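Participant: Okay, handing you the structure first.
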Amino acid sequence: MPDALDATPYDALLLLSFGGPEGPDDVVPFLENVTRGRGIPKERLKEVGQHYFLFGGVSPINDQNRALLDALRKDFADHGVDLPIYWGNRNWAPYLTDTLREMVADGRRRILVLATSAYASYSGCRQYRENLADSLAQLQAEGLELPKIDKLRHYFNHPGFLEPMIDGVLRSLADLPEDVRDGAHIAFTTHSIPTAAADTSGPVEDHGDGGAYVEQHLDVAELIADAVRERTGVDHPWQLVYQSRSGAPHIPWLEPDICDHLEERHAAGVPAIVMAPIGFVSDHMEVLYDLDTEAKAKGEELGLPLRRSATVGADPRFAAAIRDLVLERVAVERGQEVTPCALGALGALGPSHHLCPVGCCPARAPRPAAAGADSTYA
């Protein structure tokens, strides 16, 4: 990594997230934003919104992003990185377009983007890039000078992302009753996506079935399981499973579902399970509902001891990882020789690409995208 902590040529970092409702009146409008263009009736959205109403109509994601912003700003200040940090969401306030408009008004012209999604996929990367392009198109229509935007590389296998999850699994195992602890299995969970979307995630020629999405999750799961074995002396069996499936029943999605997995493992005599949500940066609604509510109820029904480990959230190690990745990208843009910060601790896949290649994680219908090799905006 470069010795200097000067972030030039970049003059701002944008935290780009999904967004979520912050009260009961926000739930249906938020879901309308998420599903815009799909023709889903409002009554159906009210049914889906029951997940949010169980928690007072408030998604935890916005408060978690505020905590991450605080952690990032503290880490940057403590290490002399003079880079202002902004926050914008795809589906709720603060909206991405409004934030970019504010950044342009503040004179920001070279912007780095941190997306709160660690893995390659259409919904986890390409769609963020499409939203950036949509916002830039709006600013262009308003006659504003457009900034140049780059996106930080995928960070799924950075130690600053992995170590907090390893600690979370260790704490969850330690919290199990002693008589079932050593026999516990680990269910590494992530968001299910259509198998067609998984198969085309990442540069298609580089991956097999499941694409980069499945390959990256398997790499992370193996890294965590290996670390747990090294630190406890116990080899816990594990499997990558999925949650939060949505969409038409006839469209194949990644399986097995976490609740089906719990039933199968219980029938096989497994004494306990730790659920490790490695696919999520923070404990947002999919974690609180699909794991802490539905899966927990399934475990109680089966009489199967369950624990759910923590996500990374605003862990200072994650904030430090983002600083590393910012400075790594700074060196790339300056044309300096770059040794990835996490080299030697990245598992089998190594560091991801800095620039999403043409055709990476394609949409069903082609749409303009920013911050990639096929960017509509230079």
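Participant: For the stretch 113-124, check the following and say yes or no: at least one residue is touching a Leu at 6+ places or on another chain (Cβ under 8 Å), aliphatic (A, V, I, L, M), under 27 Å from residue 198 (Cβ atoms) and in a helix (DSSP H, G or I).
Facilitator: No, the conditions are met nowhere in the stretch 113-124.
Participant: Can we say residue 265 is of a type in the set (Lys, Arg) and farther than 30 Å from residue 71 by Cβ?
Facilitator: When the stated conditions are applied, residue 265 passes them.
Participant: Sticking with this structure for a sec: Sort through 112, 31 and tell me the only one that's buried (at least 19 other Cβ atoms within 10 Å of the Cβ) and modelled with pLDDT under 95.
Facilitator: Result: 31 is the single residue among 112, 31 that is buried (at least 19 other Cβ atoms within 10 Å of the Cβ) and modelled with pLDDT under 95.
Participant: Moving to a separate point now. Report yes if residue 68 is outside any helix (DSSP H, G or I) and in contact (Cβ under 8 Å) with a residue 60 or more places away in the chain, otherwise no. Break it down stepwise before answering.
Facilitator: On the way: outside any helix (DSSP H, G or I): no; in contact (Cβ under 8 Å) with a residue 60 or more places away in the chain: yes.
No; evaluated as a whole, the condition is false for this residue.
Participant: Would you tally the residues in the stretch 34-65 being touching a residue at least 12 places away in the same chain (Cβ under 8 Å), in a loop (DSSP other than H, G, I, E, B) and either open to solvent by 80 Å² or more (accessible area, probe 1.4 Å) or within 28 Å of residue 319 (Cβ to Cβ) (or both)?
Facilitator: Adding up the residues that qualify gives 4.
Participant: Same structure again: List the helices (runs of 4 or more DSSP H) inside the stretch 191-310, counting only whole elements, that have at least 1 residues being touching a residue at least 60 places away in the same chain (Cβ under 8 Å), of a type outside the set (Val, Ile, Thr) and open to solvent by 10 Å² or more (accessible area, probe 1.4 Å).
Facilitator: Hits in the stretch 191-310: 195-199, 211-232, 258-267.
The values are calculated or read from the model by the stated rules, or taken from the named source; none is laboratory data. Everything numeric here is computed off the predicted structure, so don't read it as measured data. Note that each Cβ is placed from the backbone with ideal geometry, even for glycine, and that neighbours are counted across all protein chains shown. Side chains are part of the model used for accessible areas, which takes the heavy atoms of the whole protein and leaves out ligands, DNA and RNA. Shrake-Rupley method; radii C 1.70, N 1.55, O 1.52, S 1.80 Å.
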